[in-house]
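Report on one structure; see the data block that follows.
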Amino acid sequence: MTQTALKDHVAIITGAGQGIGQGIALALAKKGARVVAVGRTLEKCQATCDAIAAATGVDAMALQADISVLDTLDTVVEKTIERFGRIDILVNNAVATSIGPLLTQTMQQVQMAFQTGPMATLKLMQLCHPHLKVRGGSIINMASSAAKRWDMSNYGVYAAEKDAIRALTRAAASEWGSDNIRANNILPHAKSPALEKWIKYQPAEAELFVKSIPLGRVGDCEKDIGNFVALLCCPESSYISGQSIALDGGQAYMN
């Protein structure tokens with residue numbers, strides 16, 4: 001995989017202002033892709049673009065958008081086409097969820113989780129489809145191994161929204177393969193702000209969680225997650241589609 005393997009490609013990445021999204025943005029840019037960094041906080045997305053410019057000199061654009069407001073997603077795609085004229089890669093990374101016992105979950109919390117997760121993911125895939133099929137493209141959606149936990153207590157809503165994304169991704173791979181569009185899920189563990197927040201509030205559970213990772217560490221957002229996403233988008237991975245791939249140091253048992 002050369003440093004210019006994705007030269008002139010254009011990638012939309014949601015939740016790109018920090019954590020995994022930022023790591024993916026940097027990794028794709030280092031392979032030559034022009035990045036559209038989408039997030040709720042424009043300043044964070046611009047910081048990602050500034051880091052890309054400093055590290056690579058590759059063109060990048062920051063866009064403010066709350067993906068839970070589905071009507072704003074049309075604008076994300078329109079502005080991308082206005083600036084770059086094409087879309088080759090879509091990374092659905094942004095997420096909102098509700099963690100806690102099922103009996104405490106309100107329908108409003110569940111609705112927001114699904115609107116930000118599978119509904120926003122599906123709409124962006126639909127909007128990007130006509131552009132992705134022009135040259136063949138790659139969709140990377142963010143799933144989770146939460147549904148593979150030995151004890152799913154408190155993670156039911158989160159696991160449900162992520163498994164819904166997995167199903168949509170598999171359907172996209174099946175339906176759009178003839179358009180030369182590939183779609184895959186990754187299930188990452190990474191040193192993100194979300195993970196750090198969880199560790200702070202659930203230190204005992206977090207300690208056991210890390211101990212259960214065979215490789216004994218949590219992944220790096222760019223080196224472990226971003227670089228693999230870049231590989232999935234490159235010609236070397238042109239026959240991989242419809243898969244759910246755990247990037248978790250060997251923790252999850254995928255069956």
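Here, each number is a calculation from the coordinates, and none is a lab measurement. Keep in mind that this is a model prediction, so the values were computed, not measured. Glycine also receives a Cβ, built like all others from the backbone with ideal geometry; neighbour counts cover every protein chain displayed.
I want to make sure I understand the PRE zone here: with the label point 7 angstrom from the Cα of V134 toward its beta carbon, which residues in segment 5-43 have backbone N atoms less than 17 Å away?
7-13, 33-36
Report, in order of residue number, the helices in the chain meeting two criteria: a C-alpha extent of 18 Å or more along the helix axis, and a mean Kyte-Doolittle hydropathy of at least -1.0; treat each whole DSSP H run as one helix.
Membrane-span-like by this criterion, though nothing is claimed about a membrane: 42-56, 120-135, 156-176.
Which pairs break 32 Å Cα to Cα here: K133/K211; K31/K162; K133/K191?
Exceeds cut-off: K133/K211; K133/K191.
Hey, rough spin-label estimate for M254 and D66, points 7 angstrom out along Cα→Cβ, what's it come to in nanometres?
Placing both labels 7 Å beyond Cα along the Cβ direction yields 3.4 nm.
For Cα pairs less than 8 Å apart in space and 6+ apart in sequence, what is the mean separation divided by the residue count of the chain, i.e. the relative contact order in percent?
Computed value for the chain: 21 percent relative contact order.
Hey, which aspartates and glutamates would be in cross-link range of K7, C-alpha to C-alpha under 12 Å, not counting anything within fewer than 8 residues on its own chain?
D59, D88
What's the ranking of 130-139, 101-110 by average number of surrounding C-beta atoms within 10 Å, highest first?
The densest-packed peptide leads the list: 130-139, 101-110.
I want to check the label-to-label distance for Q202 and T104. Put each point 7 Å from Cα in the C-beta direction and report it in nm to one decimal.
1.1 nm
How far, in nm, would the chain grow between L215 and Q111 when pulled straight, counting 0.36 nm per residue and subtracting the alpha carbon separation?
Here the answer is 33.9 nm.
At a 10 Å Cβ-Cβ cut-off, how would you order M112, M125, M152, M254, fewest neighbours first?
By the 10 Å Cβ count, ascending, the order reads M254, M152, M112, M125.
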